[in-house]
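Remarks on the structure that follows.
The values are calculated or read from the model by the stated rules, or taken from the named source; none is laboratory data. Please read these numbers as outputs of a predicted model, since none were measured by experiment. Quick reminder, even Gly has a Cβ in these numbers, built from the backbone with ideal geometry, and neighbours come from all protein chains shown.
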Amino acid sequence: QVQLVESGGGLVQPGGSLRLSCAASLRMFKSYTMGWYRQAPGKQRGMVAKITSAGTIVYADSVKGRFTISRNNDKNTMYLQMNSLKPEDTAVYYCYARGVGADYWGQGTQVTVSS
């Protein structure tokens, strides 16, 4: 059974940093496109960043220059380094994996940016 487990969320002050991790129980992890989505209360879930198996990276405009996505294929883990956090970054952050014919989601981790 495929599992994506996020960790690293929490409460941080504006301007602070957090690093999210997503541990994936995926065979051939390196072949998957991995990414982060987020959903704030009352809003639709939207893409934050994604990284393909070839290492191509795409960011949402709202996080460019502040967030960095990376992956470690040896550890089956993906990361999201979040710097200069803003209150509008407050949301539940979800890890996802896209393979051939299958998508998988994690359970989400809460990130709250507040003073």
**Request:** State the number of residues belonging to the range 1-43 that are within 16 Å of the chain's Cα centre (by Cα) and in a strand (DSSP E or B).
**Result:** 19
**Residue check for L18: over 23 Å from V2 (Cβ atoms) and among the hydrophobic types (A, V, I, L, M, F, W, C)** = yes
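Just to be sure, is A54 aliphatic (A, V, I, L, M), modelled with pLDDT of 95 or more and assigned to a loop (DSSP other than H, G, I, E, B)?
On the way: aliphatic (A, V, I, L, M): yes; modelled with pLDDT of 95 or more: yes; assigned to a loop (DSSP other than H, G, I, E, B): yes.
So A54 fits the description; yes.
If I go through the range 27-47 residue by residue, how many of them are crowded, with 18+ Cβ neighbours inside 10 Å, touching a strand residue (DSSP E or B) at 6+ places or on another chain (Cβ under 7 Å) and within 16 Å of D103 (Cβ to Cβ)?
Step one: of the range 27-47, the residues crowded, with 18+ Cβ neighbours inside 10 Å are 29, 32, 34-38.
In the following step, the residues that additionally are touching a strand residue (DSSP E or B) at 6+ places or on another chain (Cβ under 7 Å) were identified as 32, 34-38.
From what is left, the residues that are within 16 Å of D103 (Cβ to Cβ) are 32, 34-37.
Number satisfying all stated conditions: 5.
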